[in-house]
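Rule-based calculations on the coordinates, nothing more; no lab input. All figures in this text were calculated on a predicted structure; none of them were measured in a lab. Heads up, the Cβs are rebuilt from the backbone with ideal geometry, glycines too, and the neighbour counts pull from every protein chain shown.
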């Protein structure tokens, strides 16, 4: 469960500013081919970068000035599934939040819910913008005093990336570059072999961030994770992908659509992998655990320091296991069609979260797959048309 601490003070001894950017997975395989399975799962990337504040920047507007004891976090892609959950957690812990989203994959309904929950002045603002526009990104940074940036604005489907690779390279790599360049202007200052365009673009974005940090006072915290499931335990937020993206979406979304009768069944691609039941094995992380890791990374980020962490349960579950858990969670005998392999998938991908447990004191708590799916299913049943149902 999320912990609320509205009265929490967030003072710091140094005037620093964290930045969070996109992430890709850092899997651990039983075959010890750790690098080769990096970024094979559908996920989002996260970096937290500590930056110097500009001491001369000060205005009378809440979001345009640094305020002692308040951390102002820019959440790009904050109208999306993971981004909205991260924004909710930050707001509950008394952070100031600015969401930037072009709504190509996000939901304005999620933003409205957050606005209703936190209507107080200076708590939350939404900016409709595309990070691919350099002038717009520069304007956002010049008019707002950010202390942190969590960068979730990205297309994030492996299958789609193999069909439209140039879009992924532009969206993920170029947009991250735009954010980094604006940060440079407005703020003082293991071997990886991805096999699909989505993962390769994430790797490029991370390399840019690491190179960028070498000649600055930034500290970088990179979190890598895998398939995200679940939803807000209190039922306020959930996953609501656009209908046209259902074929490329997460397996949980496909299972829920099948359970609701929106589609006749689900398609499992690949049954001849070298796993115990022939289907792919993945590390499923609950979104509540994921945003908790984000917040812990934000709190532990230090100037001129780089930390890279795997975020996961440390164990994998097969696609067949996942489908069976979804059947139990929904109470529906979901029809399954077995198809040939999908390009860009590894057989087995899961994380080793030892480092983040030891250094950031983070451990996944929501590890019961069926329970996470039950929580997400409750939201799905109450929102047949996504956020338009509200």
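Hey, with R₀ at 30 Å, roughly what FRET efficiency would residue 304 and residue 130 work out to, going by the Cβ-Cβ distance, to 0.05?
Working: r = 32 Å, r/R0 = 1.06.
That pair, residue 304 with residue 130, gives E of 0.40.
Sort out for me the Cα centre separation of segment 342-377 from segment 62-141, rounded to whole Å.
26
How high is the FRET efficiency from residue 139 to residue 234, r the C-beta distance, R0 22 Å, rounded to 0.05? Before the final figure, lay out the partial values.
Numbers: r = 35 Å, r/R0 = 1.60.
So, using R0 = 22 Å, E works out to roughly 0.05.
Once both labels are modelled 7 Å past Cα along the beta-carbon direction, what's the residue 242-residue 354 spacing in nm?
4.3
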